[in-house]
1. Return the residue satisfying two criteria in turn: it lies in the range 89-135 and is within 20 Å of Arg173 (Cβ to Cβ) and of a type in the set (Ser, Thr, Tyr), and of such residues it is farthest from the chain's Cα centre (by Cα).
2. Among Arg104, Arg128, Arg99, which is surrounded by fewer than 17 Cβ atoms within 10 Å (Cβ to Cβ) and either of a type outside the set (A, V, I, L, M) or not assigned by TED's automatic domain parsing to the domain that holds Asp188 (or both)?
3. Taking the conditions exactly as written (in a strand (DSSP E or B), more than 25 Å from His8 (Cα to Cα) and either outside the structural domain of Leu164 (by TED's automatic domain parsing) or touching a helix residue (DSSP H, G or I) at 6+ places or on another chain (Cβ under 7 Å) (or both)), does Leu75 satisfy them or not?
4. Which condition breaks for Asp150 when tested against (1) acidic (Asp, Glu); (2) over 30 Å from Arg16 (Cβ atoms); (3) modelled with pLDDT of 90 or more?
5. Out of Arg104, Arg128, Arg99, Arg132, report the one residue that is on the phi > 0 side of the Ramachandran plot and basic (Lys, Arg).
6. Here is a check on your reading of the model: is Ala70 over 14 Å from the mean Cα position of the chain (by Cα) and either within 21 Å of Glu20 (Cβ to Cβ) or in a helix (DSSP H, G or I) (or both)?
7. So, in the range 102-124, exactly how many residues are closer than 23 Å to Thr158 by Cβ and not in a loop (DSSP other than H, G, I, E, B)?
8. Report yes if some residue within the range 142-155 is under 18 Å from Glu185 (Cβ atoms) and in a helix (DSSP H, G or I); otherwise report no.
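The values are calculated or read from the model by the stated rules, or taken from the named source; none is laboratory data. The structure presented is a predicted model; accordingly, all values stated were derived computationally and were not measured. With ideal geometry, Cβ positions are generated from the backbone for all residues, glycine too; neighbour counts draw on all protein chains shown.
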Amino acid sequence: MCPSDATHDIAAAAARLVVEEGLEYAAAKRRAARQLAGSAGRAPPLPDNDQLEQAVREYIAIFCAETQAAELAALRQVALAWMERLSAFRPHLCGAVWRGTATRLSAVHLELYADDSKSAEIELLNQRIAYRVASTTGPRGETVDQLIIDTTCRELQTIVPVCLTVLDHDDLRGRLRPDRHGRSERGDRSALNSLMQASAAPAGSNPSNTSPT
């Protein structure tokens, strides 16, 4: 098997893990690579995030076409509610819920921007919101705080993790640049509302101008 074929197989296997088990991209790629590793020879290159996202979209189209749209809409409602609740921190939605590939096992990823990283924690304490502290990689490769809230999604009858990544206020401008394909990787409440309205529009309308993909 040539490296490109093996990389494609890893992407397909990782896509199943993302959709069926709710794994994040990095973890899904690593597990898929281990599962498909041959007994000899060099390990094939892992798919990049664009390749994996395309594989996730293909998997959803085949196996989740009847359920995914409703699940995505419910998760976007969860995101919108928390963005309104934390509006003082200029929240931006990113990840699968923003990109349109989320299913019921996906987490909601919000980026918060503040001059003091602890101010978001103080706000959660003031609102008596239970959370746990984790960490993730920031825009410059540094470790930054991530606050995780487990919230109930009534539409899906499940608990949804809302992951709040707290970034410096000055990071926001750089985070709004489009990716190499010209697509937005995150959006504020107004942008999310536009996405939700476009998704709810009749079949004959043209929502392409508001889609992040």
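1. Step by step, filter the range 89-135, then rank; the result is Ser119.
2. Exactly one residue qualifies, and that residue is Arg128.
3. no
4. Answer for Asp150: the failing condition is (2).
5. Arg128
6. When the stated conditions are applied, Ala70 passes them.
7. Of the residues in the range 102-124, 4 are closer than 23 Å to Thr158 by Cβ and not in a loop (DSSP other than H, G, I, E, B).
8. No, that holds for no residue.
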